[in-house]
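Chemist: There's a structure below that I have some questions on.
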Amino acid sequence: MLYAMIDVGSNTIRMAVYEIDGDRVEMIMKRKHTVGLASYVKDGFMRREGIEKIVEIINGYNEFLSDFGITRVTAFTAAAIRNAVNGRQAVEEVEYRTGRRIYVMTGDEEATFDFIGATHNLVDEDGLLIDIGGGSTEIVYFKNREIKVKVSLPIGSLSFHTRYTGIHILPSESECNEMRAEAEVTVSAIREFQTITHAQICGIGGTFKGAMALYNLMYGLPKRNSRMEIKRITDILWRFQREHELTQQDKILLMRTVPERMHTFLPGLIIADVLAKRFGSQHIIFSDSGVREGYIYDRIIDRDDL
């Protein structure tokens, strides 16, 4: 069976097509548009331009799905629209103009699906799952492969870039410090995690995927490496601050590894660094599965919603 997922995110709008055969789930193709929806939010409202972008892209995906006769489709959005004052009205307009029902995930659901998708093949029984999105950050603490605590924080890589960096691609040292200060205040206020220390971190999503590719190329590690040492994040943050003139090697590194996330990978890494230091973690393990796969395992396979 072919099943399509359309993910309206704060950074990108993606469509992934999966082949589902019993309990086996394989992604066979993926398309994405880097839109940066979080940057279309002004004074808490999703602007007209952002809604038009969503409609245009989903209708493009609809044409592909129709041509290939793929009828089993789920479209969802999370922080991109969920946090906007006019989010409900925006969703209703997109649904009307695309003919596609849009499921608005709560922060709690997003964290749960992240956990299910990322830990499906994970060896570790205990740890923290972190997904740094464009407009929010989801954190799940799990023990014996069961969720104990989960929370969605209102900080993200694109929202940080938009608020602090403005027209520039890379942030300055002072802008990095401002992002770090906000992240530290936000993270320190999470009462549910006050007693958690020295936890293994599993990172998922685009921030960690891009950072992992950059990390491996910088330090001469194989592409398959999925382990990032926390102590090296400081070097990355310092090396790519705006005050430091990029060498040709640095420019090539960015273009090869984070071409569509040059403006958000440092803000995302700042959030990751704050979280890792708060929880006393020495490294981050990257998982390339997340909310879409979690939704399939929980809502499609386990519930046999076919």
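Where a number appears in this text, it was derived from the coordinates with a stated rule and is not lab data. This one's a predicted model, so the numbers in the text were calculated from it and none came from an experiment. Virtual Cβ from ideal backbone geometry, glycine too; neighbours counted across all protein chains shown.
Chemist: Report the semi-axes of the equivalent ellipsoid for the stretch 1-51 in whole Å, largest first, where each axis is √(5λ) for an eigenvalue λ of the Cα gyration tensor. Mind dumping the intermediate values first?
Modeler: Working: eigenvalues 190, 17, 11 Å².
Taking √(5λ) for each eigenvalue gives 31, 9, 7 Å, largest first.
Chemist: Take each of the peptides 287-298, 265-276, average the number of other beta-carbon atoms within 10 Å over its residues, and list them starting from the highest.
Modeler: 265-276, 287-298
Chemist: Then there is this: Show me the ranking of peptides 87-98, 232-243 by mean Cβ neighbours inside 10 Å, starting with the highest.
Modeler: Working: 87-98: 16.9, 232-243: 15.1.
Output ranking for 87-98, 232-243: 87-98, 232-243.
Chemist: While we're on this one: With N set to the residue count of the stretch 1-122, report its C-alpha Rg divided by 2.2 N^0.38 Å to two decimal places.
Modeler: Normalised Rg, Cα atoms only: 1.08.
Chemist: What FRET efficiency comes out for Arg299 versus Lys143 if R0 is 22 angstrom and r is the Cβ-Cβ distance? Round to the nearest 0.05.
Modeler: On the way: r = 24 Å, r/R0 = 1.09.
The computed FRET efficiency comes out at 0.35.
Chemist: Sort 195-202, 129-136 for me by packing, meaning the mean count of neighbouring Cβ atoms within 10 Å per residue, highest on top.
Modeler: The most tightly packed comes first, giving 129-136, 195-202.
Chemist: I've got another one for you. What's the magnitude of the charge dipole for the stretch 8-152 around its Cα centre, counting Lys and Arg as +1 and Asp and Glu as -1 at the beta-carbon? Answer in Debye, nearest 20.
Modeler: Approximately 420 debye in magnitude.
Chemist: List, in the order given, every pair from Lys143/Lys251; Lys53/Lys277; Lys53/Lys209; Lys143/Lys223; Lys148/Lys251 whose Cα-Cα distance in the structure shown is over 32 Å. Please list the in-between numbers first.
Modeler: Working: Lys143/Lys251 41 Å; Lys53/Lys277 37 Å; Lys53/Lys209 24 Å; Lys143/Lys223 29 Å; Lys148/Lys251 42 Å.
With Cα atoms farther than 32 Å apart: Lys143/Lys251; Lys53/Lys277; Lys148/Lys251.
Chemist: A further question on this structure: Taking Cα pairs under 8 Å and at least six residues apart, what relative contact order does the stretch 197-306 come out at, in percent?
Modeler: Dividing the mean separation by the residue count of the stretch 197-306 yields 50 percent.
Chemist: Say each of Met255 and Met1 gets a label point 7 Å from the Cα, pointing the same way as Cα to Cβ; how far apart are those two points in nm?
Modeler: It works out to 4.5 nm between the two label points.
Chemist: Right, here's the next one. Normalising by the residue count of the stretch 1-54, find the relative contact order in percent from Cα pairs under 8 Å and 6+ residues apart.
Modeler: 29
Chemist: Measure off 7 Å from each Cα along the Cα-to-Cβ vector at Glu63 and Ser174, then give the distance between these two points in nanometres to one decimal.
Modeler: 4.7
Chemist: Using +1 at the Cβ of each Lys and Arg and -1 at the Cβ of each Asp and Glu in the chain, identify which of Thr247, Tyr164, Gly50 lies farthest towards the dipole's positive end.
Modeler: Thr247
Chemist: Which net charge results for the neighbourhood of Glu95, defined as the other residues with beta-carbon distances under 13 angstrom from its beta-carbon, given Lys and Arg at +1 and Asp and Glu at -1?
Modeler: Within the 13 Å Cβ shell, the charges total +2.
Chemist: So how long is each side of the chain along the principal axes, counting just the alpha-carbon atoms, biggest first, in Å?
Modeler: 50, 44, 38
Chemist: OK, next. Using the Kirkwood radius built from alpha carbon pairs, what does the Stokes-Einstein equation give as D for the stretch 156-289 at 4 °C and 1.567 mPa s, in µm² per second?
Modeler: Estimated via Stokes-Einstein, D reaches 85 µm²/s.
Chemist: Related question: Roughly how many nanometres apart are two label points built 7 Å out from the Cα toward the Cβ at Lys277 and Thr186?
Modeler: Going by the 7 Å Cα→Cβ label model, 1.6 nm.
Chemist: Lys30: which aspartates and glutamates have alpha carbons under 19 Å from its alpha carbon, excluding same-chain residues fewer than 8 sequence positions away?
Modeler: By straight Cα distance, Lys30 reaches Asp7, Glu19, Asp21, Glu56, Glu63, Asp67, Asp114, Glu260, Asp288, Glu293.
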